[in-house]
1. Could you list all residues from region 92-110 that are under 16 Å from Leu159 (Cβ atoms), touching a residue at least 40 places away in the same chain (Cβ under 8 Å) and either within 15 Å of the ligand (Cβ to nearest atom) or among the small types (Gly, Ala, Ser) (or both)?
2. Name the residues in region 180-196 that are buried (at least 22 other Cβ atoms within 10 Å of the Cβ) and either more than 30 Å from Ala363 (Cα to Cα) or more than 16 Å from the ligand (Cβ to nearest atom) (or both), would you?
3. Looking at Ala180, is it free of Cβ contacts under 8 Å to residues at least 12 places away in the same chain and either part of a helix (DSSP H, G or I) or within 24 Å of Asn165 (Cβ to Cβ) (or both)?
4. Restrict the check to region 332-339 and report whether at least one residue is touching a residue at least 24 places away in the same chain (Cβ under 8 Å), surrounded by fewer than 21 Cβ atoms within 10 Å (Cβ to Cβ) and within 21 Å of Ala108 (Cβ to Cβ).
5. Can you name the condition, by its number, that Gln149 falls short on among (1) buried (at least 19 other Cβ atoms within 10 Å of the Cβ); (2) away from the ligand (no atom under 13 Å from the Cβ)?
6. Is it the case that region 124-135 has a residue that's away from the ligand (no atom under 16 Å from the Cβ), assigned by TED's automatic domain parsing to the domain that holds Ser72 and under 30 Å from Thr369 (Cβ atoms)?
7. Going by the conditions given, is Ser160 more than 11 Å from the ligand (Cβ to nearest atom) and buried (at least 23 other Cβ atoms within 10 Å of the Cβ)?
8. All but one of (1) of a type in the set (Ser, Thr, Tyr); (2) within 29 Å of Val158 (Cβ to Cβ); (3) more than 22 Å from the chain's Cα centre (by Cα) hold for Ser14, so report the exception by its number.
Amino acid sequence: MLPMDLRAVMPALSGKLYFNYGGQGPLPTPSLEAMVACWAELQRLGPFSRDVWPYLEAEVGALRQRLAGLCSVPPHRLALTENVTTGCVLPLWGLPFDQGDRLLLSDAEHPGVVAACKELARRQHLEVDWFSARDCRSDQAVLAGLEQQLQPRTRLVVLSHLLWNSGLPMPITAVAQRLAQHPQHPFLLVDAAQSVGSLELGDVPAAADIFAFTGHKWCCGPEGLGGVAVSERVLELSQPTVIGWRSLSDETSAGSPWHRDGRRFEIATSCVPLGAGLRRSLDLLDEAGNAAQREARIQALSRRLWQGLQQIKGMKTLLQEAPPPSGLVSFTAQKHQPEAVVNALADQGFQLRSLEDPHCVRACTHICTTEAEIDALLGVLANFSAAA
Ligand SMILES: Cc1ncc(COP(=O)(O)O)c(C=O)c1O
């Protein structure tokens, strides 16, 4: 299946020009059909029947295997979650902190994750420090910023794999190596909301202690299903936070009752058919090209957009020196607020979004984006600028 064949089975893309893949990906019809088929099978076998359990177990096992494979970690290191945020928060809140320990966050993290860290700090009497990533334009600059802010009591570092605002990937493996040299060996939490499904992941997930992602963005799966790859030491040291029957290995045990594997961070009843949909979406992406080929296509498309923006007077891309090596292109319009640009574009069928910090417009390109869509967007932006 070519990217354009994939596009043809995404009803959400017809009749509009879609540039919000970093917010949510369109669901292919075969993925929707896979979910419906799974639901139908659950009903055929009978919910909560003797015969349904092996089917459910096989479905969940296949999903865990698939997402672990995506992250190149063994399945026992993978917990199934609902979204990126729960993937970050559930293992994070169970880590052993002592009063006075410090959390070091990059200045480019998502508000939900930041809020969870601040509340954790408030409850456990920890300190929060910040290092700069948002305005860094090289790995060296990120590593230097980290170095400056690392302290003897730093116990956790939070850094996104791919910054949701600038579209720059972060040097996660180098950060992990640096943290391993620190006397406390701080935990490394990686928000992978924007990288999973858009970048070739390589050894990045395995280098992090907590690598949290979702299926509903670049993987084009259904909303409500994600995963988190955790390190062996997180499995050993982090206690489950929100606890339910799925966290338990033995419901009657008097000792530590938690699963020793990623299931310790799973909670209770969830929607199994979503997994069939996500697996189908991942298969469809694979049919359109391997991860390296998909990343190259995404980059080529975002480069076309970035280069076009350089030609429009009054438009300024967030990255000035070079195009983003990812599908996220952020920019501002000299004479208009980002919200006004997004609204004016929506009037003409273009779906983009504004970001608060930095205050800008963001356009995303995925493998199913067409050159014609990009050129149409550039054309409308040029007219918009000229009319201002
Ligand atoms: C970088 C980043 N982190 C976290 C989130 C929140 O994702 P979720 O709703 O899956 O928790 C988003 C969503 O846009 C994001 O871009």
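1. Those that are under 16 Å from Leu159 (Cβ atoms), touching a residue at least 40 places away in the same chain (Cβ under 8 Å) and either within 15 Å of the ligand (Cβ to nearest atom) or among the small types (Gly, Ala, Ser) (or both): Leu92, Leu105, Ser106, Ala108, Glu109, His110.
2. Pro186, Phe187
3. yes
4. The answer is yes; a qualifying residue exists.
5. Every listed condition holds for Gln149 apart from (1).
6. Looking for residues that are away from the ligand (no atom under 16 Å from the Cβ), assigned by TED's automatic domain parsing to the domain that holds Ser72 and under 30 Å from Thr369 (Cβ atoms), one finds at least one in region 124-135, hence yes.
7. It is false that Ser160 is more than 11 Å from the ligand (Cβ to nearest atom) and buried (at least 23 other Cβ atoms within 10 Å of the Cβ).
8. With respect to (1) of a type in the set (Ser, Thr, Tyr); (2) within 29 Å of Val158 (Cβ to Cβ); (3) more than 22 Å from the chain's Cα centre (by Cα), Ser14 is out only on (2).
The values are calculated or read from the model by the stated rules, or taken from the named source; none is laboratory data. Note that the coordinates shown come from a computational prediction; the quantities given were computed from them, not determined experimentally. Ideal geometry is used to build each Cβ from the backbone, glycine not excepted, and the neighbour counts take in all protein chains shown.
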